[in-house]
Amino acid sequence: MANEVILLDFWPSMFGMRTRIALREKGVEFEYRDEDLWNKSPLLLETNPVHKKVPVLIHNSKPVCESTIQVQYIDEVWSDKNPILPSDPYQRAQARFWVDFIDEKMYDAQRKVWGTKGEEQETGKKEFIELLKTLESELGDKTYFGGDDFGYVDIGLIGFYSWFHAYEKYGNLNIESECPKLIAWAKTCMQRESVAKSLPDSEKVIEFVTEIRKKFMIE
Amino acid sequence: MASDEVKVIGAWASPFVMRPRIALNLKSVSYEFLQETFGSKSELLLKSNPVHKKIPVLIHADKPVCESNIIVEYVDETWSTSGPSMLPSNPYDRAIARFWAAYIDEKWFPSLKSILQAEGEEEKKAVLAQVEEGTALLEKAFIDCSKGKPFFNGEHVGYLDIAFGCFLGWLRVTELAAGHKVLDEAKTPSLSKWAEQFCNDPAVKPVMPDTATLAEFAKKIFAKPAA
């Protein structure tokens with residue numbers, strides 16, 4: 001049976017980026033469909049009735065929801081090349097731990113950096129930099145989070161890199177001076193075709209954030 | 001040389017701690033249970049889980065694994081030849097099991113917890129409605145996942161059974177406190193049957209606290225300070 005893969009996504013979503021990267025790592029052909037989150041398609045609402053969120057991966061008409069679950073699914077279905085999770089159970093547990101950490105903490109912290117002002121923003125900025133430093137310390141001197149090979153944690157985190165210039169602009173931050181190793185890691189990841197193709201241009205993200213701020217933030 | 005010893009740092013009342021304990025029981029792996037004192041954190045806990053400082057932590061041959069659902073997968077993968085697999089073999093079914101486990105932690109349990117913390121009848125009613133909505137979704141998920149078998153995982157207790165079943169004690173306590181049943185034969189017939197079988201499973205029974213003891217404990221930790 002032919003593989004039909006559709007990805008319901010939203011171009012600036014750092015979560016959608018994970019799934020895009022995973023599919024490209026495996027060389028899977030897929031149809032990318034950009035959603036208007038303020039006017040969600042019937043297909044999105046039908047395939048993710050519980051959360052009504054992107055990304056949704058639809059493989060041969062069967063939906064898989066939640067980006068980290070999609071990445072693991074992709075790794076298990078297309079297991080013949082470019083393994084994403086390590087094979088050793090302990091290493092796998094560590095990889096899952098760090099992606100869970102990213103999921104639990106990063107989104108809210110980064111949201112405060114570009115989406116709030118005053119005290120709330122200052123607290124958000126501190127939290128955000130601390131998170132990046134924790135991740136940087138976990139990376140250590142390795143090329144990738146898993147060691148020599150690009151993998152699950154790299155995929156879990158790299159999407160946020162496309163938002164870094166937006167954080168720097170609106171949060172008045174210099175991420176490279178705070179976390180030089182993390183920036184070096186990000187640049188290494190960007191050299192992979194799967195990543196370069198899956199991340200939007202930083203400038204476009206800044207434009208997007210500017211629009212959102214106009215819409216939702218009181219100046 | 002690190003021994004192959006397994007330790008679990010946790011507390012008897014924590015549903016999250018129950019998860020690795022059930023998993024280890026399913027795999028017939030013996031372990032040392034290190035109970036944390038309520039209100040304080042041991043040196044070992046802080047050293048083994050410096051990022052979150054939370055229980056449970058599994059320590060295997062001196063190496064820590066944190067986050068309850070991650071520990072369960074680790075146990076399943078490490079002792080893969082011992083006892084049945086805790087996740088389905090089909091990648092799509094695995095994705096579905098992981099989806100519902102994530103839903104339970106992200107949405108269902110937080111709404112259950114907030115019933116005990118709700119102030120006033122209105123708030124309690126609203127939260128109860130949320131929990132019931134979620135439980136109805138899980139009733140359907142059970143029917144889809146179990147495919148006629150006794151557990152979410154089929155013939156045997158597995159990852160999703162553990163992820164949800166660990167909350168049954170607290171669910172009963174909450175039902176008592178709220179004077180309202182969430183899981184019962186009328187509303188959730190399949191889950192009701194599953195709950196009984198889950199609690200009677202030999203891997204679960206020894207670590208599931210009884211409702212009365214848990215209710216006493218709940219009174220203590222949710223007690224409002226004297227005015």
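For the protein assembly as shown, just say rounded, prolate or oblate: build the C-alpha gyration tensor, square-root its eigenvalues into a ≥ b ≥ c, call rounded for a/c under 1.5, and beyond that prolate if a/b exceeds b/c, oblate if not. Judged from the Cα gyration tensor, the protein assembly as shown comes out rounded (a/c under 1.5). In order along segment B:31-43, phi translates into HN-Hα couplings of 8, 9, 9, 9, 7, 7, 7, 4, x, 9, 10, 6, 4 Hz, rounded to whole numbers, per the Karplus curve 6.51 cos²θ - 1.76 cosθ + 1.60 with θ = phi - 60° and x for Gly and Pro. Approximating the spin labels as points 7 Å out from Cα along Cα→Cβ, the A:Glu130-to-B:Ile221 distance works out to 2.3 nm. The residues neighbouring A:Ser87, those whose beta-carbon lies less than 12 Å from its own, together hold a net charge of -3 under the Lys/Arg +1, Asp/Glu -1 convention. Shape class of segment B:6-79 from the Cα gyration tensor (axes a ≥ b ≥ c, square roots of the eigenvalues): prolate, since a/c reaches 1.5 or more and a/b is larger than b/c. Which whole-number percent gives the relative contact order of chain B, counting Cα pairs below 8 Å spaced six or more residues apart? It rounds to 20 percent for chain B.
Using the average count of surrounding beta-carbon atoms within 10 Å as a protection proxy, the listed peptides A:3-13, A:88-98 rank, highest first, as A:88-98, A:3-13. Spatial offset of segment A:146-185 relative to segment B:66-105 amounts to 30 Å, using the alpha carbon center of each.
Determine, for each peptide in B:5-18, B:143-156, the mean count of other beta carbons within 10 angstrom over its residues, then list the peptides with the highest first.
B:5-18, B:143-156
Electrostatic bookkeeping for A:Ile21 treats Lys and Arg as +1 and Asp and Glu as -1; over the other residues with beta carbon under 9 Å from its beta carbon, the sum is +3.
Pairs of lysines in segment B:6-79 whose Cα atoms sit within less than 17 Å of one another amount to 11, provided the residues are eight or more positions apart or on different chains. Karplus-derived 3J(HN,Hα) values for segment B:48-65, using 6.51 cos²θ - 1.76 cosθ + 1.60 with θ = phi - 60°, are 7, 9, x, 6, 10, 6, 10, 9, x, 10, 9, 10, 10, 6, 6, 9, x, 10 Hz; glycine and proline are entered as x. Under the combined filter of DSSP loop state and at most 15 neighbouring Cβ atoms within 10 Å, segment A:134-219 retains these trypsin sites (Lys or Arg not before Pro): A:Lys142. The modelled label-to-label distance between A:Leu37 and B:Ala177, using points 7 Å beyond Cα along the C-beta direction, is 3.4 nm. Under a model in which nothing but the beta-carbon of Lys, Arg (+1) and Asp, Glu (-1) is charged, chain A shows a dipole of about 280 debye around its Cα centre. For segment B:76-85, the Karplus equation 6.51 cos²θ - 1.76 cosθ + 1.60, evaluated at θ = phi - 60°, returns couplings of 4, 7, 6, 9, 5, 8, 9, x, x, 5 Hz by residue, with Gly and Pro reported as x. Sparse packing (at most 13 other Cβ atoms within 10 Å of the Cβ) combined with a DSSP loop state is found for the following GluC sites (Glu not before Pro) in segment A:29-103: A:Glu29.
Taking 7 Å steps out from each Cα toward its Cβ at A:Gln91 and B:Lys47 produces label points 2.7 nm apart. Springs join every pair of Cα atoms under 10 Å in this Gaussian network model of chain B, and among B:Pro20, B:Pro91, B:Pro64 the largest mean-square fluctuation is at B:Pro91.
Determine the dipole magnitude for segment B:86-137: charges of +1 sit on the beta-carbon of Lys and Arg, -1 on that of Asp and Glu, nothing else is charged, the reference point is the Cα centre, and the result goes in debye to the nearest 20.
Charge dipole of segment B:86-137: 300 debye, to the nearest 20.
One decimal place: the segment B:Glu5-B:Ile143 gains 45.9 nm when fully extended, by the rule 0.36 nm per residue minus the C-alpha distance. Placing R0 at 35 angstrom, the Cβ-Cβ distance between B:Gln117 and B:His156 gives a FRET efficiency of 0.50 after rounding to 0.05. Rounded if a/c is under 1.5, else prolate if a/b is larger than b/c, else oblate: which is chain A, with a ≥ b ≥ c the root eigenvalues of its Cα gyration tensor? The shape class here is oblate.
Throughout, read-outs are computed from the coordinates displayed, never taken from laboratory work. Treat the numbers as computed from the prediction; the structure is a model and nothing was measured. Don't worry about glycine lacking a Cβ; one is built from the backbone with ideal geometry, like all the others, and counts go over all protein chains shown.
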